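The numbers here are math on the coordinates, done by the rules we state, and not lab data. Predicted, not measured: the structure shown is a model, and the values here were computed from it. As a convention, Cβ positions derive from the backbone with ideal geometry for all residues, glycine included, and neighbour counts pool all protein chains shown.
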Amino acid sequence: MDRIRIVGGQRLNGTIPISGAKNATLPLMIASLLTADTLVLENVPRLADVRLLQHILGNHGVDVMIAGKRPGEPDNAGQTLHISAKNIVDTTAPYDLVSRMRASFWVIAPLVARMGEARVSMPGGCAIGTRPVDLLIMALEQLGAEIEIDGGYVVARARKGLRGGAIKFPKVTVSGTHVAVMAAALANGTTVIDNAACEPEIGDVADCLNKMGARISGAGTPRIVIEGVAKLNGARHAVLPDRIETGTYAMAVAMTGGDVLLQNTRPELLQAGLDVLVEAGVGITPTNEGIRVSRNGSALRPVAVTTQPFPGFPTDLQAQLMALMTRARGTSHITETIFENRFMHVQELARLGARIHLDGERATIEGVEKLKGAPVMATDLRASVSLVIAALAAEGETMVNRVYHLDRGFERLEAKLGACGAVIERISG
Ligand code: EPU
């Protein structure tokens, strides 16, 4: 199993190219099931989750072709995927695949919308909480699907096709909104989704679906209206920049000090995150090319932050902010409201010398003078990268174990940080 070795204490200076967003790529790949034509996705990040989803879609008969690098194209350019779901050979998504990646449960929506049936394993719990799928099922039922739970599988049927309906989510859910939008795109009639998630990835998927011939308006707001169409076509779409990768590297620079341009990204994708960094004393300058992040000498100020659905502070940056605040001058408070158990990084940060007290959904972080390197590991992607951030500022060597979590969501992490001066290497085996 690979590990990452980091020797802390170097400032970061230079340029970090930001990849396409993992959490837009996954639903976009799944949306390819809605059409018999080819969907071309550009700016797709090279991630373990993308490869796994490719394998999962292959099980349904989807053909994915990865275009080669064009002459003169830089190594860090995203890949282009040609995805064809011309022949869907199987409408079952088995447990051994769905349990490896929760988002693959979302295939239920395009499969039932296009094929009239889907049999998809319930994903089960995961490291960051119970994560039920009740609201996804509710949305499909509102669109006329008949749902049965059978042997750990959700079986959805709509022999005569789905019909438009009213879906009001009792809480904001990204997965529920993706499923509702994809299913409604091919339903007969108009669907109105209220209290929809406003995350930029929802807007990106809706943009792509509209290029495929869907009629979706209001994506990115709490009310989305979808006029169903009988058929969708192929399209070409470039994945939007990864706002969580952007915020993660912004926090890494804030942690070590230095001056880095985060290239190919946009501030409006993570304004709440950038506002918190400014409050902490970090320099944030939007440029034509991306976002410049700098901290030179000044101490980090403590902050009080609560995670919220977009446009609030994202839960996917909570662990990274906590790592950063371990070095602030004073006491910070972070409240996690999206997932009930997303604090696994706390005990590992403590191994590096952090002082964090947990009380239910609230963490109190007392800034310390210095962190000291140690072997650490984490059980999810964002928690793992928070340990990398802490390690970059810790004295001596930190060994981050279970690197496969990082590989799920961060493309060439050690190369991107290494190019800016971090002492970081992957140790294979
Ligand atoms: N929820 C329910 N019932 C449901 C669905 C969700 O109670 O049927 C609850 C969840 O348990 C959670 C809350 O609603 O407490 C929000 O869940 P949501 O559906 O919004 O999350 P998700 O779609 O499963 C996506 C991202 C997560 C990110 C969350 C929140 C992808 C592939 N995943 O998950 O990303 O944390 O939205 O923004 O888009 C990550 O990338 O590391 C990651 C975990």
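Within the straight-line cut-off of under 25 Å between alpha carbons, the lysines reachable from LYS416 are LYS22, LYS69, LYS370, LYS372, sequence neighbours fewer than 8 places apart in one chain being disregarded. For the stretch 169-311, count all C-alpha to C-alpha pairs, find those more than 27 Å apart, and express that count as a whole percent of the total. Tail of the P(r) past 27 Å holds 36 percent of the pairs.
Loop-only check: which GluC sites (Glu not before Pro) in the stretch 328-397 are DSSP coil with at most 15 other Cβ within 10 angstrom? Let's see the in-between values first.
Details: sites: GLU336, GLU340, GLU348, GLU361, GLU366, GLU369, GLU395, GLU397; in loops: GLU336, GLU340, GLU361, GLU369.
Within the stretch 328-397, the qualifying GluC sites (Glu not before Pro) (loop, at most 15 other Cβ atoms within 10 Å) are GLU340, GLU369.
By the count of neighbouring beta-carbon atoms within 10 Å, fewest first, SER384, SER84 end up ordered SER84, SER384.
Using only alpha-carbon positions, what ratio does the radius of gyration of the stretch 179-237 give when scaled by 2.2 N^0.38 Å?
On the way: Rg = 10.4 Å, N = 59, 2.2 N^0.38 = 10.4 Å.
Dividing the Cα radius of gyration by 2.2 N^0.38 Å gives 1.00.
If you take the beta carbon distance between LYS372 and LYS160 as r and set R0 to 60 Å, what does 1/(1 + (r/R0)^6) give as a FRET efficiency, to the nearest 0.05?
Details: r = 65 Å, r/R0 = 1.08.
E(calc), rounded to 0.05, equals 0.40.
Modelled this way, with points 7 Å down the Cα-to-C-beta line, the labels at THR92 and VAL423 are 5.4 nm from one another. Would you list the P(r) distribution for the stretch 278-319, with all Cα-Cα distances sorted into 10 Å bins from 0 and each bin expressed as a whole %? Each 10 Å bin holds this share of Cα pairs: 23, 41, 35, 1.
For the pair LYS211 and GLU141, label points projected 7 Å from Cα toward Cβ lie 3.6 nm apart.
Checking the a/c ratio against 1.5 first, then a/b against b/c, what shape does the Cα gyration tensor give for the stretch 289-396? Rounded is the answer for the stretch 289-396, as its axis ratio a/c remains below 1.5.
Among LEU240, LEU97, LEU262, the ranking by other beta carbons within 10 Å of each residue's beta carbon, starting with the fewest, stands as LEU97, LEU240, LEU262. Whole-Hz Karplus values for the stretch 3-16 come out as 10, 10, 9, 10, 10, x, x, 8, 6, 9, 9, x, 10, 10 Hz, taken residue by residue from phi with 6.51 cos²θ - 1.76 cosθ + 1.60 and θ = phi - 60°; glycine and proline positions read x. Residues VAL346, VAL260, ranked from the fewest to the most other C-beta atoms within 10 Å, line up as VAL346, VAL260. The smallest convex shape that holds all Cα atoms of the stretch 82-149, its convex hull, gives 108 Å³ per residue.
The charge dipole of the stretch 27-110, taken about its Cα centre with unit charges on the Cβ of Lys, Arg, Asp and Glu (plus for the first two, minus for the last two), comes to roughly 120 debye. Apply the a/c threshold of 1.5 to the C-alpha gyration tensor of the stretch 16-164 and tell me whether it is rounded, prolate or oblate. Prolate. Taken over the stretch 117-179, the percentage of Cα pairs per 10 Å bin, counting from 0 up to the bin with the maximum distance, is 21, 50, 26, 3. When DSSP beta bridges are limited to those with both residues in the chain, what percentage is antiparallel, rounded to the nearest 5? Bridges in the chain that DSSP calls antiparallel: roughly 70 percent. For the stretch 380-414, the residues whose amide N sits under 12 Å from a probe point set 7 Å from the Cα of MET1 along the beta carbon direction are 380, 400-406. In the stretch 21-171, the DSSP beta bridges split such that about 90 percent are antiparallel, to the nearest 5. Here the label points at HIS55 and GLN347, each 7 Å from Cα along the C-beta direction, are separated by 2.8 nm in the simple model. By the Kirkwood approach, averaging reciprocal distances over each pair of separate Cα atoms, the chain gets a hydrodynamic radius of 22.1 Å.
Each other residue within a Cβ distance under 12 Å of LEU47 adds +1 if Lys or Arg and -1 if Asp or Glu, for a net charge of 0.
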